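Below: the structure, in structure tokens.
The values are calculated or read from the model by the stated rules, or taken from the named source; none is laboratory data. These numbers come from a predicted model, not from an experiment. Please note: Cβ atoms are built from the backbone with ideal geometry, for glycine as well, and neighbour counts cover all protein chains shown.
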Amino acid sequence: MHFKRKNKSKSKVKYELACSEGYCPTLEEIENSEIKQLANRLKALSDKETLTNVLEWQDRNIVFWFERYPLSHILLVSIVFFAVSLPILLFLRLWWLVAILGTIPVMTLAIMMLIFHYVRKTSLKELWKVLNLNNPINWILENRLGVCRDYAKLTAGLLSTIYPDAELYFAHGPSHVATGTMIENKLYILDKQLPVVTIDKWHERWHNRRHPDIRIERVKGQCLESVNLNSLLSETDTTELNTEKLATEMTRLLNIKESEDGDSEVSLLELLRWKRGAVLYEDNEIVNYSLARRLKMKISGEMLELNQATKIEIDRDKGDLIFRVIFKSNL
């Protein structure tokens, strides 16, 4: 959404900066027919299904754009560093160092061009899109590429279409942004891939000593206003993670039946390592449903059927959660 402020407040400057950074869609992009058609396909009968559909579609269809980040940052830093150091090096007549430093941005640009053209199958005339902070939603959908701000922009466009009257939020971590929406007085964050997480756990994931501030913005009317994070966090502490209970819940949601044939050959497969999952997980209906859908997608990706699975096991490895599936052998 492209919003304006009636006065020249700090919030107005922040919103204009946000739009230039490319994580908020314009009103024209929200009214785009492709967004409306996709939103129509993803909208379901319940909120847990709808939010999960939005993230699963992105998980399946949008590829993380590596050459846009961090390669674009490396290119920018190398160009700035070379430009600043060049006069000094010339004054000192360090020609060999000029030659070495000058090759860094050239090589980085060449790598970006090769990846963009040969791997992404995109024309070189579109190369500037790698460096552009604000790529149109149409281009994101057509090329199926994105970094966090592209995911946030696409998610915001879809949620604005599906939930025109719901509150829309942008959550900012260190060099990161994600989109959220309020469901029954609880803020859920949709961050690139399944599962959906709560603001409490998202904050816990991104909050650290070096970057203590998590910035939250809310779309309201024709404004984008800052929100006090504490007003969105739960007053009570969430319960301690119980991996056995979680495994039982995933088994139930996936309708996995334990094998009655004790002599049946079985195999064990590490299905998923959820990075920082032990921090991000909260025992919540929407979170559990979306996590089960991610496991279902992973099972399908391993060319297995759910009726082959007999048990889900979950282990904790520091901050990660490791999901394993025991399934019947076909041999």
Residue by residue through the stretch 131-158, note down the ones that are at pLDDT below 90 and touching an Asp or Glu at 6+ places or on another chain (Cβ under 6 Å).
Leu133
Quick check on the stretch 75-85. Is at least one of its residues touching a residue at least 60 places away in the same chain (Cβ under 8 Å) and either over 20 Å from Ile30 (Cβ atoms) or of a type in the set (D, E, K, R) (or both)?
no
Could you count how many residues in the stretch 110-164 are closer than 21 Å to Thr50 by Cβ and without any contact (Cβ under 8 Å) to a residue 12 or more places away in the chain?
1
Among the residues of the stretch 177-185, is any in a loop (DSSP other than H, G, I, E, B), touching a helix residue (DSSP H, G or I) at 6+ places or on another chain (Cβ under 9 Å), at negative phi and not aliphatic (A, V, I, L, M)?
no
Based on this model, can you work out whether Lys14 counts as assigned to a helix (DSSP H, G or I), over 30 Å from Phe116 (Cβ atoms), in contact with an Asp or Glu (Cβ under 8 Å, 6 or more places away or on another chain) and modelled with pLDDT of 85 or more?
no
For the stretch 57-71, what are the residues that are in a helix (DSSP H, G or I), surrounded by fewer than 20 Cβ atoms within 10 Å (Cβ to Cβ) and touching a residue at least 60 places away in the same chain (Cβ under 8 Å)?
Asp59, Arg60, Asn61
For the stretch 193-205, check the following and say yes or no: at least one residue is hydroxyl-bearing (Ser, Thr, Tyr) and not in a helix (DSSP H, G or I).
yes
Checking the structure you have, find out if any residue of the stretch 27-34 is at pLDDT 95 or above, touching a Ser or Thr at 6+ places or on another chain (Cβ under 7 Å), within 11 Å of Leu158 (Cβ to Cβ) and not aromatic (Phe, Trp, Tyr).
no
Hey, which of the helices (runs of 4 or more DSSP H) in the stretch 125-166, taking only ones fully inside, have at least 1 residues that are of a type in the set (Ser, Thr, Tyr), surrounded by fewer than 22 Cβ atoms within 10 Å (Cβ to Cβ) and more than 12 Å from the chain's Cα centre (by Cα)?
148-162
Of all residues being part of a helix (DSSP H, G or I) and under 24 Å from the mean Cα position of the chain (by Cα) in the stretch 85-124, which is farthest from Ser175 (Cα to Cα)? Just the residue, please.
Val119
